[in-house]
Amino acid sequence: MTTTAVKTPAVGPILAVDLGKYKCVACVYHAADDYTVQALDTSTAEVERLIRRTRPAVVVIEACCLAGWVHDRCREWGVKCKVANTGAEAWKDKHAKRKADRDDALRLAQLEALGQSPEVVVPAKPVREWRARAGLVGPGRFFGGRPARRPLRHPGNGSPPAPE
């Protein structure tokens, strides 16, 4: 996974979207005390409507299985899109009392406004499709990550042999 940290903050509103399977939480961020957060359905029409209405300078999303189609649509619509690496040090929330989608969307926007959002390169659509067919990307896996290791099973009863 290639990660780059961009140091120039965006000029204009930042649209940070925390993607979910059925619902998304979007944060339109203008300044530290000027932002709005809203929930919407995870669909192309809803995301496009939100982007057309807010006209952001940049769209920031988390690296996940849904990031590919959002990134592709933003490119089609002529909007700059960044995919944030949530495994980076900036995302370590050791002292957070709660973790909610609303907080994640706001944090995405704040890190982008400060120029501290570590970016992940999204592969082209044919590469993503090939990786999905090859089983390299799926639930519990990252873009370009290694397949998850499965525990070894003893051929007899399905459990590992007892240590001697």
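The values are calculated or read from the model by the stated rules, or taken from the named source; none is laboratory data. In this text, all values refer to a predicted model and were calculated from it rather than measured experimentally. Counting neighbours? That spans all protein chains shown, and the Cβs are built from the backbone with ideal geometry, glycine included.
With the structure loaded, tell me whether GLU62 is within 14 Å of LEU15 (Cα to Cα) and either small (Gly, Ala, Ser) or more than 17 Å from the chain's Cα centre (by Cα) (or both) or whether it fails that test. Against the criterion (within 14 Å of LEU15 (Cα to Cα) and either small (Gly, Ala, Ser) or more than 17 Å from the chain's Cα centre (by Cα) (or both)), GLU62 does not qualify. Within region 40-56, the set of residues being surrounded by 15 or more Cβ atoms within 10 Å (Cβ to Cβ) and closer than 19 Å to ALA113 by Cα comprises ILE51, THR54, PRO56.
Answer with yes or no whether VAL59 is within 18 Å of GLN116 (Cβ to Cβ) and crowded, with 20+ Cβ neighbours inside 10 Å. Answer is yes for this residue.
Evaluation of VAL120 against the conditions (1) among the β-branched types (Val, Ile, Thr); (2) over 16 Å from the mean Cα position of the chain (by Cα); (3) at pLDDT below 90 shows that the sole unmet condition is (2). VAL37 falls short of the stated requirement of being in a loop (DSSP other than H, G, I, E, B) and either modelled with pLDDT of 90 or more or loosely packed, with under 11 Cβ neighbours inside 10 Å (or both). Please work out which residue is farthest from ARG55 (Cα to Cα), limiting yourself to region 69-90 and to residues that are of a type in the set (Val, Ile, Thr) and outside any strand (DSSP E or B). Per the stated criteria, the residue is THR86. Would you confirm whether any residue within region 124-145 is closer than 19 Å to ALA16 by Cα, out of contact with any Leu (no Cβ under 6 Å at 6 or more places or on another chain), modelled with pLDDT of 80 or more and outside any strand (DSSP E or B)? No, because not a single residue in region 124-145 is closer than 19 Å to ALA16 by Cα, out of contact with any Leu (no Cβ under 6 Å at 6 or more places or on another chain), modelled with pLDDT of 80 or more and outside any strand (DSSP E or B).
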